[in-house]
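The values are calculated or read from the model by the stated rules, or taken from the named source; none is laboratory data. Predicted model only: the values in this text are computed from it and were never measured. Note: ideal-geometry Cβ built from the backbone for every residue, glycine included; neighbour counts use all protein chains shown. These accessible areas exclude ligands, DNA and RNA; they are computed on the full protein's heavy atoms, side chains included. Shrake-Rupley method; radii C 1.70, N 1.55, O 1.52, S 1.80 Å.
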Amino acid sequence: MDKLAIEGGHRLEGEVAISGAKNAALPILAACLLTPDPLELHNVPDLRDVSTMLELLARMGVRVERMGDRVRLEARQIEQALAPYELVKTMRASILVLGPLLARVGEARVSLPGGCAIGARPVDQHIKGLQAMGAEIALEHGDIHARVSRLRGAKLVTDMVTVTGTGNLMMAAVLADGMTVIENAAREPEIVDLASCLNAMGARINGAGTDIIRVEGVARLHAASHRIMPDRIETGTYLCAVAVTGGQARLTGTSAAYLDAVVDKLLDAGCEIIPERNAIMITAPPRLRAVSVRTAPYPAFPTDMQAQFMALNCVAEGTAVIRETIFENRFLHAVELSRMGANLRVDGNTAIVIGSAELQGARVMATDLRASASLVVAGLAATGETLIDRIYHLDRGYEGLETKLCALGARVRRVRG
Ligand code: UD1
């Protein structure tokens with residue numbers, strides 16, 4: 001298994017290009033199932049999760065062409081409406097094919113995603129919504145087996161804000177008979193990006209970006225071309241990486257527009273941030289101030305940035321309280337950060353971090369995608385070498401991580417093994 005070796009203590013400086021958003025690309029790739037016509041996507045990040053989704057689509061009979069960051073998909077015929085266990089277990093977002101398959105061919109068999117490192121993560125809201133739209137759903141041998149002659153519009157209210165749940169139901173609704181209203185919808189920018197791609201394909205969606213989304217079903221979708229939005233979590237991660245090294249950098253191909261909560265915290269920490277039209281400039285002070293964060297659905301502070309801010313607080317001045325309200329087990333990075341000399345305590349969904357002037361490089365283990373990112377941030381700030389094991393987690397969500405960090409002056413190398 002590959003490892004990442006980081007020699008800490010080097011100030012990050014320069015320019016780095018941000019890739020397309022993983023969490024926008026995955027549902028938008030699945031959206032190709034809704035039409036027999038081609039869907040052309042630009043700014044698709046080169047990530048393991050994207051390759052997994054493309055493999056899943058190809059197995060269903062979708063013609064996939066990939067050239068750099070451009071992907072052309074053509075689902076002329078769905079040969080197999082099936083998402084098998086071996087793919088779903090490596091990527092929970094495979095559940096995103098359920099809504100489109102049901103809408104297009106009236107049947108789908110998707111392996112039920114199990115628990116994952118950061119919590120139980122059920123998909124009951126996806127199932128409940130599809131049932132309300134007339135689908136018959138049975139759990140058979142670990143698979144969700146869904147059938148319907150044609151989905152019909154319905155009023156759906158999710159019990160909690162769910163991002164992939166909202167995306168799945170929105171995709172199901174675009175070909176349903178009549179109007180669907182999704183209440184308590186996720187307001188994440190990736191949902192807005194999905195809706196704008198679907199609308200370019202001929203869907204009639206209103207209200208994406210608010211908590212009430214209205215979808216008027218249409219008989220057919222058509223060909224379209226769409227550019228995936230920038231990855232706000234990758235952006236936030238590089239901002240943290242620059243911040244902990246007291247560096248200065250310009251992140252291009254991205255925007256501060258979707259990052260208000262994160263930018264506010266970096267300003268509180270003492271960074272200077274200048275938003276540009278398609279870029280963000282950050283200048284960090286020699287020593288950061290501790291900042292408390294509480295995760296919640298967008299537009300509040302994202303759970304996907306919680307781990308990186310824990311690392312940042314480990315080297316800041318003062319004490320920070322970190323509250324995780326989305327996932328029940330998302331502090332796995334805390335023990336690893338302790339191995340690097342961090343002074344922190346976890347109690348339920350709260351972590352208290354007492355900043356120290358120095359972290360020490362150590363051998364640590366990546367446990368999930370964003371936890372791994374926090375170990376990278378910590379490693380960049382630490383003295384000596386940090387060796388991060390199991391970095392396949394990072395490859396799921398960060399395109400060219402070591403190349404991008406090295407371009408900023410970090411000393412990072414991948415150790416094959
Ligand atoms: C998405 C993101 C992930 C991010 C998360 C929260 C993608 C591919 N992934 O994950 O990066 O961390 O949003 O911003 O976009 N829940 C249920 N039942 C359901 C659905 C969700 O109980 O049917 C719960 C989950 O266990 C969790 C909360 O709702 O506690 C939010 O989950 P959700 O927004 O669905 O997360 P994902 O869409 O899986």
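Summary of computed values
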read-out	value
Answer residue from the stretch 163-182, given it is hydroxyl-bearing (Ser, Thr, Tyr) and open to solvent by less than 20 Å² (accessible area, probe 1.4 Å) and is nearest to the chain's Cα centre (by Cα) among those	THR166
Yes/no for LEU130 being open to solvent by less than 10 Å² (accessible area, probe 1.4 Å), closer than 26 Å to ALA21 by Cα and assigned to a helix (DSSP H, G or I)	no
Among (1) part of a loop (DSSP other than H, G, I, E, B); (2) over 25 Å from ILE322 (Cβ atoms); (3) open to solvent by less than 30 Å² (accessible area, probe 1.4 Å) - the single one ARG220 does not satisfy	(3)
Of the criteria (1) open to solvent by 50 Å² or more (accessible area, probe 1.4 Å); (2) more than 14 Å from the ligand (Cβ to nearest atom); (3) not in a loop (DSSP other than H, G, I, E, B), which one ARG150 fails	(3)
Total residues in the stretch 270-296, condition within 16 Å of the ligand (Cβ to nearest atom) and not in a loop (DSSP other than H, G, I, E, B)	3
Failed condition for GLY167, given (1) at positive phi; (2) near the ligand (Cβ under 8 Å from one of its atoms)	(1)
Some residue of the stretch 303-315 being β-branched (Val, Ile, Thr), within 16 Å of the ligand (Cβ to nearest atom) and at pLDDT 95 or above	yes
Wholly within the stretch 297-364, strands (runs of 3 or more DSSP E) carrying at least 3 residues that are in contact with a Leu (Cβ under 7 Å, 6 or more places away or on another chain) and either open to solvent by less than 60 Å² (accessible area, probe 1.4 Å) or of a type in the set (Gly, Ala, Ser) (or both)	350-354
Residue, least open to solvent (accessible area, probe 1.4 Å), within the stretch 74-123, restricted to residues that are modelled with pLDDT under 95 and out of contact with any helix residue (DSSP H, G or I) (no Cβ under 9 Å at 6 or more places or on another chain)	GLY119
Among the residues listed as LEU251, LEU194, LEU198, LEU267, the single one being among the aliphatic types (A, V, I, L, M), without any contact (Cβ under 8 Å) to a residue 60 or more places away in the chain and either within 13 Å of the ligand (Cβ to nearest atom) or not in a loop (DSSP other than H, G, I, E, B) (or both)	LEU267
